[in-house]
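The values are calculated or read from the model by the stated rules, or taken from the named source; none is laboratory data. Being a predicted model, the structure only gives us computed values, none of them experimental. Counting neighbours? That spans all protein chains shown, and the Cβs are built from the backbone with ideal geometry, glycine included.
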Amino acid sequence: MKESCDAVIYFQSDDLMELIDQDTTIRDAQNTFKSIEDDSIRAINKLIDETGEMNIDYHDLENFISNFKGPLFSHTVEGESFDTPLKYLIEKPYLPKDFTDGEQLMINIGYTQDVNMESFRQINLRLHDLFSKADLFKIGSYFINEPGERFKITLIVNGLKDPVSLPLNDKPSSTYHELKMKWKRGIEKGKRRLTL
């Protein structure tokens with residue numbers, strides 16, 4: 001799969017089992033696991049689609065992903081106050097344990113009507129402390145037009161240690177290479193048509 005994708009988001013599958021109990025039906029377990037996958041994809045889509053004061057766009061995400069060809073950590077956390085240490089709010093059993101050791105970080109912070117500057121500053125400081133090893137690639141912010149004091153923070157971290165190593169003699173298949181080249185030519189052709 002790695003040779004066919006720009007980036008792979010992975011979950012610790014054995015640890016996903018901590019989210020369910022023995023009496024959970026297979027159907028309910030599958031729905032729980034699917035919702036976790038969908039939430040990750042939705043968060044990345046929203047990162048691009050949600051325009052804000054400081055915007056993260058498709059090119060930012062594309063550059064971010066291409067900087068490190070390893071796995072990504074992606075997670076969204078929301079709450080009214082973050083009295084609990086931020087690491088424990090972000091941490092989930094199915095996510096990598098070393099997520100704070102990434103090379104680069106992209107953050108998108110949504111805030112509601114009553115969030116004040118001090119709360120915003122505190123969240124930024126806590127994120128900086130938690131991810132002190134990572135370079136901040138881009139930060140975005142957007143307004144959530146709802147009453148109250150609530151944050152919605154999406155984090156994407158790259159440069160993590162790859163949990164699955166490829167064999168030393170592994171190389172991309174020629175079919176993959178041909179498909180990738182056709183795809184790139186198609187994109188360039190589409191770009192030229194849009195500029196005409």
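A few notes on this one:
- The requirement of being modelled with pLDDT under 85 and surrounded by 18 or more Cβ atoms within 10 Å (Cβ to Cβ) is fulfilled nowhere in the range 106-120; no residue meets it.
Quick grid of which residues meet (1) touching a Pro at 6+ places or on another chain (Cβ under 6 Å); (2) modelled with pLDDT under 70; (3) among the charged types (D, E, K, R):
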site	(1), (2), (3)
Arg150	no, no, yes
Thr154	no, no, no
Gly159	no, no, no
Asp170	no, yes, yes
Thr175	no, yes, no
Glu178	no, no, yes
Gly186	no, no, no
Lys189	no, no, yes
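- Residue tally, condition among the hydroxyl-bearing types (Ser, Thr, Tyr), assigned to a helix (DSSP H, G or I) and either touching a His at 6+ places or on another chain (Cβ under 8 Å) or touching a residue at least 40 places away in the same chain (Cβ under 8 Å) (or both), over the range 28-75: 2
- Of all residues in the range 89-100, those that are closer than 11 Å to Thr76 by Cα have Cβ atoms under 7 Å from Cβ atoms of residues that are modelled with pLDDT under 70, 6 or more apart or on another chain, in Leu89/Phe82.
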